There are 2 protein chains.
Amino acid sequence: MLLQTSNKELKRRNEKAKRILSEKDLEGFCLFSPTYIFYFTGFSFIATERPIALLFNSEKDVMELVVPALEKDHVEDLPSFIQAESYPEYPGKNHPMNFVKKRINDLGLDKKSACLGIDSDGYAGGYGYKGPSLSETLDHSEVENIKETLDKTMMVKSPEEIEMIKESARWGNLAHRLLQEYSAPGMIETEISERASFEASMAMIKTLGEDYSLTKYGSRPASANFRGQIGSKSAIPHAITTNAKLKEGDILITGASSEVGGYISELERTMVLGKPTAKQEKYFNLIVELQDLALDTIEPGIPCSKVDEVVRKFYKDKGIWEHWRHHVGHALGYRMHEAPFFDLGDETIIEPGMVFSVEPGIFIPGFAGFRHSDTVLVTEDGIEYITYYPRDLESLTID
Amino acid sequence: MLLQTSNKELKRRNEKAKRILSEKDLEGFCLFSPTYIFYFTGFSFIATERPIALLFNSEKDVMELVVPALEKDHVEDLPSFIQAESYPEYPGKNHPMNFVKKRINDLGLDKKSACLGIDSDGYAGGYGYKGPSLSETLDHSEVENIKETLDKTMMVKSPEEIEMIKESARWGNLAHRLLQEYSAPGMIETEISERASFEASMAMIKTLGEDYSLTKYGSRPASANFRGQIGSKSAIPHAITTNAKLKEGDILITGASSEVGGYISELERTMVLGKPTAKQEKYFNLIVELQDLALDTIEPGIPCSKVDEVVRKFYKDKGIWEHWRHHVGHALGYRMHEAPFFDLGDETIIEPGMVFSVEPGIFIPGFAGFRHSDTVLVTEDGIEYITYYPRDLESLTID
């Protein structure tokens, strides 16, 4: 059972980094984003005011993580091909960027006619951090933003990543099952979601054993909730509440996931509390049709935009365009949303190994919203479902 | 009972924005950070690939939130002095930055010899977003980064902010009390923390009533946990695990908080599971001394660095410098860490109304870590505790 990224996989990503840098004629990189740092090192951390930087000298094959003293006992599990160095503290008498500069220099990366790949020009940190950009900091090397290339590299998931996303879907499914079981009129949403999340998390920990542990700060092993999408508020796709009380006749939109080695899946369902009205049934069936249409369209070799195009046409043909609020879906993996997107403006060609959410929705202010979201893997000739919760009205009606 | 930022307070912040812009001779601003957008509008949202921008024409006194269609039914509760406009989707056929540009232009903000305040040059979004910088996007206006000024403005908390931070401390206290009660040898950390967090959250919701609702996506009403800082792993200040099993003799480092109107408090304690050993008692008493020293030093009019200086001297005098890992504390409020910092390198003068964590720690790899963290408010002549959980060894020993 694979519960975290293996060192072999990290080594393969290290080779990927070399290829990217070589293609772009770059000597190395300096990355600050926790996402890319995790991708290349497996190290997950609480991002604060203290910059953490990943340096790589491609030719010398030296990868080094620069961390504050606070993290120096935390990086001891890094694979052997990644070294770590620590600076005292931010802001400190000597700004951490001076330490980053010194390490870049010591790794032979700050020199004339050299160029370094970056993901942002300096640490972006949103916790009161201030500091110079990297281009201001370096004496000689130029910098080139390679964020888009890194995002492209991460689009096709490896077998290890797919395995962890699939494992995540199992526990998201359990959390959702419990959420549905505990949903009843008169209950406060938090009571239902916390109970379901707690029980699913404990089942997950006890089933997977001591090798399972949370990777990302702030996430939970398994969880399921409504996030306020209850009754007429289900029409607000990104509602954020905790205190809504369920009542007979409500449409409920859910979300469930779990985290395995930092990877997640996405499962969302529209449920009806009580016997569905004709109007509820009509829109419920329409979003199943919309989702089926999207699922049937996805295949390798076509642009992502095509999926959105076909789905948008359906909204227009059915006269429900006014209820459209967002594109069909997004890639996901370590991040809850990633490129590419099933969106008119995204011409990325769909490839086997990509993992997407598929979630066209209908949102009618004052009445209700309707949306299922499934996570699917693109295969050689179509898709494979990663999430597998029932999608039909009967299964999602709570009597 | 104040459970969210009032419109009056938002209006005061609007006036603050005008003063900042006037002092810097700027025509207005364009902000992308969810933190600053929340500060000026009270609107909290799930940040994704879709940019959200807050525009302000100071002279005309027009504040406008630019959102994707997905959020257009979600911004209806904005105070009357903030208008909203929506673009269809990201990336879309027409990139959202073109819409932002158009709105900036329509608000009369893109013109020769004008300058706009920004918090970052374009949307920073980490969810696969790509797009042009704002300076590339504008035809005429220059841009100037005012992030540091905004952070400064947010340093002294308003009475409303302090009230919400204090309310947060009450429920963090309850979550911590339950965490301590449920801690026992043989238990898995998640079992304890999820149960304590669930019960404290429910008590909070039922006590505060329907006016209480979560503001920030991904947070919980009230929570308390160990985050893996159990036994020898308590020596890793930013550990992230969920599966550690408590055993007799363990040092436990905790963290508890709750969210009220987006605001939080910070409460952390070192507990001992069973009768403390002499060595545990020694270091426990040392961190209480360290914390007392910091608490006694804090007063308005002195630089933040002074607090760190006094505390660092104590580590050195006691011969425990090798166990130092981080500065004494940080400001907090809407963000879990904010400037200024109790750090040698931070010369910010302490002012009444600032809210800080005070948390010097001792970390001994392979043995244990020791740290209490309290949230305090700076008053006219010293400090007032916002968190109030007992700090002594007897109270924190679990028999």
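The values are calculated or read from the model by the stated rules, or taken from the named source; none is laboratory data. Here the structure is a predicted model, which means the values were calculated and not measured. FYI the Cβ positions are ideal-geometry reconstructions off the backbone, even for glycines, and counts take in every protein chain you see. Each accessible area value is taken on the protein alone, full model and side chains, heavy atoms only, with ligands, DNA and RNA left out. Shrake-Rupley method; radii C 1.70, N 1.55, O 1.52, S 1.80 Å.
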* Could you list all residues from segment A:221-241 that are polar (S, T, N, Q) and either over 11 Å from residue A:364 (Cα atoms) or open to solvent by less than 10 Å² (accessible area, probe 1.4 Å) (or both)? => A:223, A:225, A:229, A:234, A:241
* Single residue of segment B:333-351 satisfying the filter (more than 20 Å from residue B:168 (Cβ to Cβ) and not in a strand (DSSP E or B)) that is most open to solvent (accessible area, probe 1.4 Å) -> B:347
* To do: Scan B:177, B:227, B:170 and give me the residue that is within 13 Å of another protein chain (Cβ to nearest Cβ) and basic (Lys, Arg).
  => B:227
* Residues that are touching a helix residue (DSSP H, G or I) at 6+ places or on another chain (Cβ under 9 Å) and under 20 Å from residue A:237 (Cα atoms), drawn from segment B:47-60 -> B:47, B:48, B:50, B:51, B:52, B:53
* **Among the residues listed as A:216, A:245, the single one being within 27 Å of residue A:361 (Cα to Cα) and among the basic types (Lys, Arg)** => A:245
* **Among residues of segment B:311-332, those that are crowded, with 17+ Cβ neighbours inside 10 Å, more than 7 Å from chain A (Cβ to nearest Cβ), assigned to a loop (DSSP other than H, G, I, E, B) and not β-branched (Val, Ile, Thr), counted** => 2
* Which number in (1) open to solvent by less than 20 Å² (accessible area, probe 1.4 Å); (2) more than 8 Å from chain A (Cβ to nearest Cβ) marks the one condition that residue B:186 misses? -> (1)
* Which ones in segment B:203-222 are of a type in the set (Gly, Ala, Ser) and either at the interface with chain A (Cβ under 7 Å from one of its Cβ atoms) or in contact with a Lys or Arg (Cβ under 8 Å, 6 or more places away or on another chain) (or both)? -> B:213, B:218
* Asked: Restricting the search to segment B:83-103, which residues are more than 11 Å from chain A (Cβ to nearest Cβ) and of a type in the set (D, E, K, R)?
  -> B:85, B:101, B:102, B:103
* Asked: Within segment A:209-228, how many residues turn out to be within 24 Å of residue A:35 (Cβ to Cβ), in a helix (DSSP H, G or I) and not acidic (Asp, Glu)?
  -> 0
* Asked: Is there a residue being open to solvent by less than 30 Å² (accessible area, probe 1.4 Å), acidic (Asp, Glu) and part of a helix (DSSP H, G or I) anywhere in segment B:277-284?
  -> no
* Residue in segment B:87-105 that is free of Cβ contacts under 8 Å to residues at least 40 places away in the same chain, in contact with a strand residue (DSSP E or B) (Cβ under 7 Å, 6 or more places away or on another chain), in the same structural domain as residue B:143 (by TED's automatic domain parsing) and part of a strand (DSSP E or B) present -> yes
* **Failed item, numbered, when residue B:70 is tested on (1) over 23 Å from the mean Cα position of the chain (by Cα); (2) open to solvent by 10 Å² or more (accessible area, probe 1.4 Å); (3) aliphatic (A, V, I, L, M)** => (2)
* Neighbours by Cβ (under 9 Å, 6+ apart or cross-chain): first from segment B:376-392, touching a residue at least 60 places away in the same chain (Cβ under 8 Å) and among the aromatic types (Phe, Trp, Tyr); second assigned to a loop (DSSP other than H, G, I, E, B) and open to solvent by less than 10 Å² (accessible area, probe 1.4 Å) -> B:389/B:269; B:389/B:372; B:389/B:396
* What are the residues in segment A:1-42 that are more than 22 Å from the chain's Cα centre (by Cα) and open to solvent by less than 10 Å² (accessible area, probe 1.4 Å), if any? -> A:21, A:28, A:29, A:30
* To do: Using the structure shown, decide if residue B:378 is aliphatic (A, V, I, L, M), in contact with a Phe, Trp or Tyr (Cβ under 8 Å, 6 or more places away or on another chain) and modelled with pLDDT of 95 or more.
  => yes
* To do: Considering each residue of segment B:236-260, count those that are within 17 Å of the chain's Cα centre (by Cα) and in a loop (DSSP other than H, G, I, E, B), and give that number.
  => 2
* Asked: Going by the conditions given, is residue B:385 surrounded by fewer than 20 Cβ atoms within 10 Å (Cβ to Cβ) and among the hydroxyl-bearing types (Ser, Thr, Tyr)?
  -> yes
* Asked: Can you tell me which of A:253, A:264 is in contact (Cβ under 8 Å) with a residue 12 or more places away in the chain, within 30 Å of residue A:216 (Cα to Cα) and open to solvent by 20 Å² or more (accessible area, probe 1.4 Å)?
  -> A:264
* Asked: Among the residues of segment A:114-137, is there at least one that is over 26 Å from residue B:340 (Cα atoms) and part of a loop (DSSP other than H, G, I, E, B)?
  -> yes
* Residues being part of a loop (DSSP other than H, G, I, E, B), closer than 30 Å to residue A:186 by Cβ and more than 14 Å from every other protein chain (Cβ to nearest Cβ) - total across segment A:352-399 -> 11
* **Residues of segment A:231-250 that turn out to be within 12 Å of chain B (Cβ to nearest Cβ), touching a residue at least 24 places away in the same chain (Cβ under 8 Å) and among the hydrophobic types (A, V, I, L, M, F, W, C), as a count** => 3
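Table: residues versus (1) touching a Gly at 6+ places or on another chain (Cβ under 9 Å); (2) free of Cβ contacts under 8 Å to residues at least 40 places away in the same chain; (3) in the same structural domain as residue B:90 (by TED's automatic domain parsing).
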| position | (1), (2), (3) |
| --- | --- |
| B:28 | yes, no, yes |
| B:32 | yes, no, yes |
| B:36 | no, no, yes |
| B:47 | yes, no, yes |
| B:50 | yes, no, yes |
| B:59 | yes, yes, yes |
* To do: Evaluate segment A:145-152: report whether one residue or more is away from every other protein chain (no Cβ under 14 Å) and surrounded by fewer than 16 Cβ atoms within 10 Å (Cβ to Cβ).
  => no
